[in-house]
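The block underneath contains the structure these notes are about, expressed in structure tokens.
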Amino acid sequence: FTGQDLTGVDPADSSTWSNSNAARNDFLGQLDGVGDENFESIAGGTVPPIALDFPGSLGSSITANLTNSGIVNSAPDRGRFATSGTNYYQVITGNDFQIDFSTDVAAFGFYGTDIGDFDGQLSIEFLDEGGNVLFSEDVGIGNASDGNILFYGRIDESNPFRSVRFSAIGGNDGFGFDDMIVGDFGQVGRVPLPAAGWLLLSGVAGIAGLRRFGRKA
């Protein structure tokens, strides 16, 4: 799930984040009961290691540890800004940071700001418990305008991951991150079948004399 707004972005007006918000809404539409990390409970100036906490399914908690480079910033900085509240996480290009989860997770998403100007780019890797790369992708369009915003999300039940690594690639610049979302298997929903589809299945089941069982979520 990826959307990026390259121009016309107003940090104080989320209606100008149309592509990013559409991608985020599509991502959240596949999940249930998830929360996000907006860094508001972490003091500005805090550097790694940083303990994070996300709600899991069935009342559980997904804890995480953010390590390596970066800092919690509490003020807009040359194109980077918070997407909720005042705090966000910032990393300077040429550095990386990693988030290690306490359990395998199936979904992860975030807002990124100022990614892609000065020909910068973000490389994101999803790792298994042994540190092996399951999937990697370069995110952000090079030579974007200053102060742009994107949303990136990935859901993968077939390849659960234990860590996410961010590498900020480019010249003398920095990237901002906020409103990170994590989901475990119990929080990944199923896309409901359209009403017409249910009617068709019901008719087939009736004709065949089959007994239909409800599937437990």
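In degrees, nearest 10, range 0 to 90: what is the angle between the Cα axis of helix 195-208 and the longest Cα principal axis of the chain? Relative to the chain, helix 195-208 is tipped by roughly 30 degrees.
When Leu6, Leu52 are compared by accessible area of protein heavy atoms, the largest-first order is Leu6, Leu52, using a 1.4 Å probe. Exposed loop sites were defined as GluC sites (Glu not before Pro) in DSSP loop states (anything but H, G, I, E or B) carrying at most 13 other C-beta atoms within 10 Å; in the chain the longest segment without such a site runs 1-128. Between amide H atoms placed 1.01 Å from N, distances below 5 Å from Asp173 occur with Thr93, all of them 5 or more places distant or on a separate chain. Per-residue extension of 0.36 nm, minus the Cα-Cα distance of Asn68 and Asp53, leaves a gain of 3.6 nm for this segment. Under 8 Å for C-alpha pairs, at least 6 residues apart: give me the relative contact order for the chain, rounded to a whole percent. Relative contact order for the chain comes out at 26 percent.
For the chain, which whole-number percentage of the solvent-accessible area (1.4 Å probe, protein heavy atoms only) is attributable to carbon and sulfur atoms? Here carbon and sulfur together make up 51 percent of the probe-accessible area. Among residues other than Ser18 with Cβ under 15 Å from its Cβ, the summed charge is -3 (Lys and Arg +1, Asp and Glu -1). Other residues lying with their Cβ under 11 Å from the Cβ of Gly3 contribute a combined charge of -1, Lys and Arg counting +1, Asp and Glu -1. Summarised in one figure, the compactness ratio Rg/Rh of the chain, Cα atoms and Kirkwood Rh, is 1.06.
Excluding Thr86 itself, calculate the net charge of residues whose Cβ lies under 11 Å from the Cβ of Thr86, where each Lys or Arg counts +1 and each Asp or Glu counts -1. So the environment of Thr86 carries a net charge of -2. Distance between the pseudo-spin-label points of Ala43 and Asn159 (7 Å out from Cα toward the beta carbon): 4.1 nm. Inter-label distance, Phe135 to Ser102: 2.5 nm, where each label sits 7 Å from its Cα along the C-beta direction.
Accessible surface area normalised per residue over the chain is 49 Å², counting heavy atoms of protein chains with a 1.4 Å rolling probe.
The C-alpha atoms of the chain define a longest principal axis, and helix 18-28 lies at about 50 degrees to it.
The values are calculated or read from the model by the stated rules, or taken from the named source; none is laboratory data. Worth saying up front: this structure is predicted, and the values here are computed from it rather than measured. Here the Cβ is made from the backbone with ideal geometry for all residues, glycine too, and neighbour counts use every protein chain on show. The accessibility values were calculated without ligands, DNA or RNA, using every heavy atom of the protein model including side chains. Shrake-Rupley method; radii C 1.70, N 1.55, O 1.52, S 1.80 Å.
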